[in-house]
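Heads up, the thing below is written out as structure tokens.
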Protein chains: 8
Amino acid sequence: MTTKKVLILMGSDSDLTIMQKAAEALKKFEISFDMHIASAHRTPEKVRLLAKSAREKGYLVIISGAGMAAHLSGVVAAHTTLPVIGVPLASGSFGGSDALLATVQMPPGIPVGCVGVGAPGAYNAGLLAVAIIATSESQLAAKLADYRKELVDKVEEKDAALQRQQ
Amino acid sequence: MTTKKVLILMGSDSDLTIMQKAAEALKKFEISFDMHIASAHRTPEKVRLLAKSAREKGYLVIISGAGMAAHLSGVVAAHTTLPVIGVPLASGSFGGSDALLATVQMPPGIPVGCVGVGAPGAYNAGLLAVAIIATSESQLAAKLADYRKELVDKVEEKDAALQRQQ
Amino acid sequence: MTTKKVLILMGSDSDLTIMQKAAEALKKFEISFDMHIASAHRTPEKVRLLAKSAREKGYLVIISGAGMAAHLSGVVAAHTTLPVIGVPLASGSFGGSDALLATVQMPPGIPVGCVGVGAPGAYNAGLLAVAIIATSESQLAAKLADYRKELVDKVEEKDAALQRQQ
Amino acid sequence: MTTKKVLILMGSDSDLTIMQKAAEALKKFEISFDMHIASAHRTPEKVRLLAKSAREKGYLVIISGAGMAAHLSGVVAAHTTLPVIGVPLASGSFGGSDALLATVQMPPGIPVGCVGVGAPGAYNAGLLAVAIIATSESQLAAKLADYRKELVDKVEEKDAALQRQQ
Amino acid sequence: MTTKKVLILMGSDSDLTIMQKAAEALKKFEISFDMHIASAHRTPEKVRLLAKSAREKGYLVIISGAGMAAHLSGVVAAHTTLPVIGVPLASGSFGGSDALLATVQMPPGIPVGCVGVGAPGAYNAGLLAVAIIATSESQLAAKLADYRKELVDKVEEKDAALQRQQ
Amino acid sequence: MTTKKVLILMGSDSDLTIMQKAAEALKKFEISFDMHIASAHRTPEKVRLLAKSAREKGYLVIISGAGMAAHLSGVVAAHTTLPVIGVPLASGSFGGSDALLATVQMPPGIPVGCVGVGAPGAYNAGLLAVAIIATSESQLAAKLADYRKELVDKVEEKDAALQRQQ
Amino acid sequence: MTTKKVLILMGSDSDLTIMQKAAEALKKFEISFDMHIASAHRTPEKVRLLAKSAREKGYLVIISGAGMAAHLSGVVAAHTTLPVIGVPLASGSFGGSDALLATVQMPPGIPVGCVGVGAPGAYNAGLLAVAIIATSESQLAAKLADYRKELVDKVEEKDAALQRQQ
Amino acid sequence: MTTKKVLILMGSDSDLTIMQKAAEALKKFEISFDMHIASAHRTPEKVRLLAKSAREKGYLVIISGAGMAAHLSGVVAAHTTLPVIGVPLASGSFGGSDALLATVQMPPGIPVGCVGVGAPGAYNAGLLAVAIIATSESQLAAKLADYRKELVDKVEEKDAALQRQQ
């Protein structure tokens, strides 16, 4: 039994740098998480067990990232009814368009919420997990509102710098 | 103040047939919802107000569907910290690939959970909203598990029919 | 225990018309087969069991066809070391390019031999299964050579008709 | 109240190098402009206010550049009836095709004039703004004609160099 | 010498139905226009003369629509310094993506403001021409503002109908 | 007469680095092979003779890799009834999507089993050849099962390292 | 020994309707031709012999049309040094983009002159063959000039009709 | 009046390195040529005059290369009835797919023979021009046959080196 709220899965250790962006977003909001390497193709039993046991272990959301024929998110979603957020990763020569289509085009019945390709998507996957958890934790919603103000402030600072520069 | 849990938005009344698939999924799980036509481009103030007031009105999740340069989900996400599920719709000549990219490729900071293009995506958007709400409603999680069994049964029935047919 | 040589799987009964092209090719060469509907997403346990038991049941080749985020072939390949032939099917709005990428772009370690999208691909999947079985059945190789002659004859007949027509 | 004629907006400070090409074109024709960083997603209120007030502040044209799910131009166009020129920027892994589709595929009613991806597009956005302003300033039209002669001269010089080189 | 304000060109009479959407938008705002069929490839001299003489004939804006390797807008832009709005049309098997790229990806120096593919784009081309002319005609700006209110009203009516229907 | 089991062909010596991944997979399973450079376009007679004589020389499977308008696999398949595994290679500016389509989209009658683009595909081509040969060599099937366990162990090691690292 | 000038090849009788557009263009200029169905994949020997003997039979140009993994033009070009004009045909679900890439992306050394997809391309293939033959037949060049005048006249007629209609 | 046989045009001096591949192929066959920089957009009159006068100046074939919205080949073809070979060049972020579509998708009536993107295409453009000229110069046909033998020899040498290496 975990007390962690989010389970982050990735298909390969080469995905770690990107998927740590999801972890970074969760840490910012002090959301606990576990992170595992588990390939839908090379370790299907591991993925199946992690997905099947996720709800009873107490996780609220699963984030999964994979590249190429990115089956990880769909396979995870097939084995759990928790919300699954899929992160398509760019590897190989199609810039992640293969992973995007393989993650987002799920058949009716088994949903995956897909974010953008690569690092921006991974970070947003973390934020979306926070937003999901915030549906039942009101202080978290307040923190999300504060974060949005930070975003505004950063843009305003950069715009102010641009104005000085002109 | 609403007591509805999900807000469904669509950019045009021509999107209604498809977006009703989201409503259908919610009804199956007895999740209450409101549904509005609100275009990010033609009625930006309406979209802004709907998105900004969504949390205080009590909605837990927003589902938004649009076609072409599908800005609706991103604009909604810009004005709320609720989880936003985007449904790319196929209209015009690119089969929805324009709407998919315009929905899924959000910059870091403002997440949208994107589902597949068109009707399968719309239905899954409803299911994903249910899964999100189920993170804090355990009977709903049980219903989701039952639904998965129904899916299995339907496939098994069709496979059995195929076996008889051979 | 089956005495069938090929296992044909498809993700949905809506794929049946196309996947019967694979069956048609096998019948032409009198190769026995079983055919099942089994969805990687809706019936993951069924797919897993079918794939895991395929070798011991005596199958020599698995043909699997699916559309959209077509994970079926990859999931099957993850659970068997038999040769897996994937058939990407066109459903939804991307003409099967989603299914093609989701089938062909497998990570190193778990191979899928992918054929073309839709009916031509399904028929070729059947022929490729025959060619694989023919690696250890020499009469089958002779039949394949005869089939090629038939193809030549058909083209020659059509060309002759065209010459008469001019 | 500004006396500037063109408002240049960009979604992020990382877009500055490219968007300065638009500024460069304006400077060449001595067209005054203001330039701001304003994200449609992170600072929606800022974008809204900039767009809504643009006409009364005296701007004649708005140029806006953004990458990925590039909603900036569409959101600006939704809040103003001034001509909006959108510049799709290449960031992330799709070479700007996401930004192109998200900028150009506007629904009927809210036009955006989209230019090419990246630096060539940004420079052309500046020139198109000049051409628009020149519809009511005849000396500017004369300057544009001179500029075209410069372009001819530059090509002729390069061609002459090539002839000498052969 | 014309007193017309907009010149609409199209590459083929088969483009007429779509390009009349541009005319429709202009008529709504009582903007006078001429409309010609002129192919960049089959009638290059005609296109050249129409473009070269457009400014002196008094046109303020040129709208040009073409399909496939859509060179019309670029060729027109090469022969005039008036603002050129390009409308990519879908003909043949690529859904207009060929025409889009051939219209939007202009090299630096010769700008084309490209709108969306097909009818929505053609209508928006008319509106963008109105917006350009409105930069020096303030009553026209007022009419554009009214038009936006109409758009809002239409969406509100449709939303109200949807509410009654639920 | 060879006693080799697999024939590896590639269209150019520049493909060698990638195609050696196929050889590497075969070596791991102690499957003998020959490897030749033979271009479908520059040396069509060589390709034809290699393909036509492959079965009588004792090869069981042909692996062929080519880039751009990758005709090699299709031409080989046209001249043999052995199973042909095509490897699309990325050269030039389309990241291998040209080679993928030119390899996978075979017309009905002449099958090619296509793997992913580039190195992962080449390695999988080797593994797929092993799987094909294993349909009649049971010890090879056992080795394939062992290999899968190795894959699991490697992922588990990497996951364990990640757990220590956190 | 033929006295025909152009050899038209197509991969399948289903390509006949489109490829007759090439014949139509040749007939208009009274260029003699032969037309054959010959599949690069199903009848490789036929294609090889037709291509290898084409020059000695007196043909000056070869036009070849095929769909999907369209290898016909490349295979023909591999067996002849006559100019080969390739026509990519749209069959299956990718609208001919597969055939386009498989026809146009030839490796250095073996050129194919590719025209547009489908009927417009097939007609242009005929015209390009005429232009090639006209490099050594001056009356043919005069006829081509006349044909261009016809094209102008047709556009002018249609434009005149449009003017009357307005 | 020139005695040169081929006219090579390119849209920009930045295209020179690639377009010299066409010159290289012509030099190998001792075919005389002129080479000019002439932009369809920046120097439309120059392109028009070069194209219109090409036949009377004695050129037999025109090769033209351009990137992005590559109108050069189509504009040249519009002003001449000589055979035009188009070379799509990769510049900007779409890897030349924009230039490919803008070059190959010509409307019926005005043919362009398009070769592959970039250097391989440019070289093949030169070879195709040689093949066209060879339709009326039999010694050139013999040289082309010799060149093909060279290609075979080179591949054989590389294959022999590979055999020694194994």
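The number of residues in the range C:79-118 that are under 10 Å from the mean Cα position of the chain (by Cα) and among the hydrophobic types (A, V, I, L, M, F, W, C) comes to 5. Considering the range A:57-66, the residues that are under 16 Å from the mean Cα position of the chain (by Cα) and of a type outside the set (A, V, I, L, M, F, W, C) include one that is surrounded by the fewest Cβ atoms within 10 Å (Cβ to Cβ), namely A:Tyr59. Cβ separations smaller than 7 Å between residues 6+ apart or across chains give the following pairs from the range E:116-129 residues that are open to solvent by 10 Å² or more (accessible area, probe 1.4 Å) to residues that are of a type in the set (D, E, K, R) and part of a helix (DSSP H, G or I): E:Ala119/E:Lys21; E:Tyr123/E:Lys21; E:Tyr123/E:Glu24.
Every condition in (1) open to solvent by 10 Å² or more (accessible area, probe 1.4 Å); (2) out of contact with any Phe, Trp or Tyr (no Cβ under 8 Å at 6 or more places or on another chain); (3) in contact (Cβ under 8 Å) with a residue 40 or more places away in the chain is met by D:Ser32 except one, and the failing one is (3). For the range F:75-86, the set of residues classified as over 17 Å from C:Gly126 (Cα atoms) and out of contact with any Ser or Thr (no Cβ under 7 Å at 6 or more places or on another chain) consists of F:Val75, F:His79, listed by residue number. Residues that are under 14 Å from the mean Cα position of the chain (by Cα) and open to solvent by 10 Å² or more (accessible area, probe 1.4 Å) within the range G:67-78 comprise just one, G:Gly67. One residue stands out in the range B:1-13 among those that are surrounded by fewer than 18 Cβ atoms within 10 Å (Cβ to Cβ) and touching a Ser or Thr at 6+ places or on another chain (Cβ under 7 Å): the one that is nearest to B:Val115 (Cα to Cα), namely B:Lys4. May I ask you to list the residues in the range D:79-114 that are part of a helix (DSSP H, G or I), open to solvent by 10 Å² or more (accessible area, probe 1.4 Å) and within 9 Å of chain E (Cβ to nearest Cβ)? Residue satisfying the conditions is D:Leu101 alone.
Is there a residue being open to solvent by 30 Å² or more (accessible area, probe 1.4 Å) and touching a His at 6+ places or on another chain (Cβ under 7 Å) anywhere in the range A:40-56? There is at least one residue in the range A:40-56 that is open to solvent by 30 Å² or more (accessible area, probe 1.4 Å) and touching a His at 6+ places or on another chain (Cβ under 7 Å). Inside the range H:119-142, residues that are more than 8 Å from every other protein chain (Cβ to nearest Cβ), more than 12 Å from the chain's Cα centre (by Cα) and among the aliphatic types (A, V, I, L, M) make up a count of 2. Among the residues that make up the range B:141-163, is at least one of them outside any helix (DSSP H, G or I), open to solvent by less than 10 Å² (accessible area, probe 1.4 Å) and touching a helix residue (DSSP H, G or I) at 6+ places or on another chain (Cβ under 9 Å)? Within the range B:141-163, not a single residue is outside any helix (DSSP H, G or I), open to solvent by less than 10 Å² (accessible area, probe 1.4 Å) and touching a helix residue (DSSP H, G or I) at 6+ places or on another chain (Cβ under 9 Å). With respect to the stated conditions, D:Ile110 fails to be touching a residue at least 60 places away in the same chain (Cβ under 8 Å) and either over 29 Å from A:Pro120 (Cα atoms) or not small (Gly, Ala, Ser) (or both). Scanning the range B:13-53 for residues that are assigned to a loop (DSSP other than H, G, I, E, B), among the small types (Gly, Ala, Ser) and within 14 Å of chain D (Cβ to nearest Cβ) gives B:Ala38, B:Ser39, B:Ala40. Do you know which residues across the range A:143-157 are more than 9 Å from chain B (Cβ to nearest Cβ) and among the hydrophobic types (A, V, I, L, M, F, W, C)? Of everything in the range A:143-157, those that are more than 9 Å from chain B (Cβ to nearest Cβ) and among the hydrophobic types (A, V, I, L, M, F, W, C) turn out to be A:Val152, A:Val155. Out of all the residues in the range F:58-74, is one or more in contact with an Asp or Glu (Cβ under 9 Å, 6 or more places away or on another chain), at negative phi, more than 14 Å from chain H (Cβ to nearest Cβ) and not hydrophobic (A, V, I, L, M, F, W, C)? Among the residues of the range F:58-74, at least one is in contact with an Asp or Glu (Cβ under 9 Å, 6 or more places away or on another chain), at negative phi, more than 14 Å from chain H (Cβ to nearest Cβ) and not hydrophobic (A, V, I, L, M, F, W, C), which makes the answer yes. Take the conditions (1) surrounded by 24 or more Cβ atoms within 10 Å (Cβ to Cβ); (2) more than 21 Å from G:Arg164 (Cβ to Cβ); E:Leu26 misses just one of them, which is (2).
If you filter the range F:130-140 down to residues that are open to solvent by 10 Å² or more (accessible area, probe 1.4 Å) and in a loop (DSSP other than H, G, I, E, B), you find that the one that is farthest from G:Gly67 (Cα to Cα) is F:Glu137.
The values are calculated or read from the model by the stated rules, or taken from the named source; none is laboratory data. Computed from a prediction, not measured in an experiment: that's the story for all the values here. Neighbour counts run over all protein chains shown; Cβ positions are idealised from the backbone, glycine included. Protein only, heavy atoms only, side chains kept; ligands, DNA and RNA dropped before computing areas. Shrake-Rupley method; radii C 1.70, N 1.55, O 1.52, S 1.80 Å.
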